[in-house]
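The values are calculated or read from the model by the stated rules, or taken from the named source; none is laboratory data. In this text the structure is predicted, and so the values were computed from the model without any measurement. Here the Cβ is made from the backbone with ideal geometry for all residues, glycine too, and neighbour counts use every protein chain on show. These area figures cover heavy atoms from the full protein model, side chains too; ligands, DNA and RNA do not enter into them. Shrake-Rupley method; radii C 1.70, N 1.55, O 1.52, S 1.80 Å.
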Amino acid sequence: MDKEFDIQEYMTKGVERIVADAIRSTLKEPRESAFMLKFAAASKRASAFRAEAKKMGEHIPPFLIASITSRCNLHCAGCYSRCNNATTDSAPEAQMTAEEWKVVFEESESLGISFILLAGGEPLLRKDVIDAASQVKNILFPVFTNGTFIGDAYLDQFDKNRNLVPVISIEGDRDTTDSRRGSGIYDRVVRVMDNMKDRGIIFGASITVTTKNVGEVTSEEFIESLKDKGCKLILYVEYVPVTDDSEELAPGDKERELMNSAIARNRRKYEDIVFVSFPGDEKSSGGCIAAGRGFFHINSHGGAEPCPFSPYSDINVRDTSVRKALKSGLFEVLRAGDYLKEDHSGGCILYKKRAEVEQILAAKT
């Protein structure tokens, strides 16, 4: 399978589909459509950069996840980041500065990275970094936020900088969302969506999919409710257990089949909405796409990690370049072996293999 499967081609086609869907979904929004057409040209150039790098034996992924802060104001049930002690109520010292993040963003652009997903903690607590991202126009920055800090100032910023796309977390209906995120959060999120729709700001929704809510969040009724709010992107993120007693919540083959079928159906019906699943069908992508195969993660202190669910690092972008971070010893071992390609029942393969990842890390540091 290694010889037959081309991860570069697979990811490039995925990016092209996302961009094409985004253009189609914004045709009725002149300002957004104009930006997406410019971004499509930039994305095509980025794909060419990645293809040239491949000829030189270098693999550049199209996606980067940047956790720009460790601080968050919510305590969501089962939050992987809090379970890993990567998120706290108050930001610890020595987190990356806005200037350092801008260097990362600009180098990523030069390498051919097209999308940088801004996460946290709660990323809107770092307005300085959001400001830095807004200046790098050839990269699309989905901002994964709980929505509680979106007031007039951020509405103005999102309106003026169309490369920033707020992606608001929601778990389903009021009861489902509030049971995980806290009482009253659903109503606050819905008000924010209404405000963005009133101002013509394109936004998305991020949904953590579990065995409990998969039917609800893929239903046409739920999709219709988001469409009525003006949502243009729906991102399904499979729940990853970080404790053994929550493994039953992780989607398995049955839930993935249901989700993939629903996504295919909804893509046909709702041409003005972009549907993305993460990590998606790993069988069709030749395994997990972490560790730089399709994306990688930089934590709030600059550590380059395989993904947010596998918080291990042997290199820091404060001390080196993004290009060299992608060639870290940990990443290269994970990509070269079968660690990312083995089948598993649900959740995250690197979480399942965390003891082995820790052994690799110990050998490399």
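So how do 327-337, 122-132 stack up, highest first, on mean other-Cβ count within 10 Å?
On the way: 327-337: 17.7, 122-132: 20.7.
Packing order, densest peptide first, comes out as 122-132, 327-337.
Counting 0.36 nm for each residue step from Val237 to Ala362 and taking away their Cα separation leaves a gain of 42.0 nm.
Candidate cross-link partners of Lys324 among the lysines, defined by an alpha-carbon separation under 18 Å and a same-chain spacing of 8 or more, comprise Lys54, Lys55, Lys102, Lys364.
What does the extension gain come out to for Glu224 and Asn84, with contour length at 0.36 nm per residue minus their alpha carbon separation? Here the answer is 46.9 nm. The mean of 1/r over all distinct Cα pairs in the stretch 112-173, once inverted, gives the Kirkwood hydrodynamic radius of 11.9 Å. Only protein atoms count toward the accessible area here, which uses a 1.4 Å probe; on the stretch 220-299, the carbon and sulfur part of that area reaches 49 percent.
Mean projection of the Cα convex hull over all viewing directions, computed for the stretch 181-230: 3.7 nm².
With a bin width of 10 angstrom, please list the P(r) values of the stretch 109-264 as percents of all Cα-Cα pairs, from the 0 bin to the one holding the largest distance. Result, from short to long distances: 10, 38, 34, 16, 1 percent.
Here the stretch 247-327 yields Rg over Rh of 1.10, to two decimals, using C-alpha coordinates and the Kirkwood radius. With the alpha-carbon atoms as the only input, what is the per residue convex hull volume for the stretch 189-321 in Å³? Hull volume normalised by residue count: 156 Å³. Charges were assigned to the Cβ only: +1 to each Lys and Arg, -1 to each Asp and Glu. The resulting dipole of the chain about its Cα centre is roughly 1060 debye.
Relative to the compact-globule estimate of 2.2 N^0.38 Å, the Cα radius of gyration of the stretch 84-152 comes out at 1.15. Relative to the current alpha-carbon distance between Lys269 and Lys197, full extension at 0.36 nm per residue lengthens the span by 23.8 nm. Amide hydrogen proximity for Gly280: with H placed 1.01 Å from N in the peptide plane, the residues at 5 or more positions away or on another chain lying under 5 Å are Glu238. Within the stretch 1-109, all pairs of alpha-carbon atoms sorted by distance into 10 Å bins from zero give the percentages 11, 27, 27, 30, 4. Three semi-axes describe the equivalent ellipsoid of the chain; taken as square roots of 5 times the Cα gyration tensor eigenvalues and ordered largest first, they are 28, 24, 22 Å. Between Phe203, Thr148, Ser90, the Cα set farthest toward the positive side of the dipole of the chain (charges on each charged residue's Cβ, about the Cα centre) is that of Phe203.
Assuming charge only on the beta carbon of Lys and Arg (+1) and of Asp and Glu (-1), the dipole of the stretch 70-149 about its Cα centre is about 280 debye to the nearest 20.
With a Förster radius of 25 Å applied to the C-beta separation of Asp152 and Ala98, the computed FRET efficiency comes to 0.70.
For the stretch 67-120, the average shadow cast by the Cα convex hull is 4.4 nm², which is a quarter of the hull's surface. Among the GluC sites (Glu not before Pro) found in the stretch 83-115, those both in a DSSP coil and sparsely packed, with 11 or fewer other Cβ atoms within 10 Å of their Cβ, are Glu93. Ranked from largest, the principal axis spans of the Cα set of the stretch 40-192 equal 52, 32, 28 Å.
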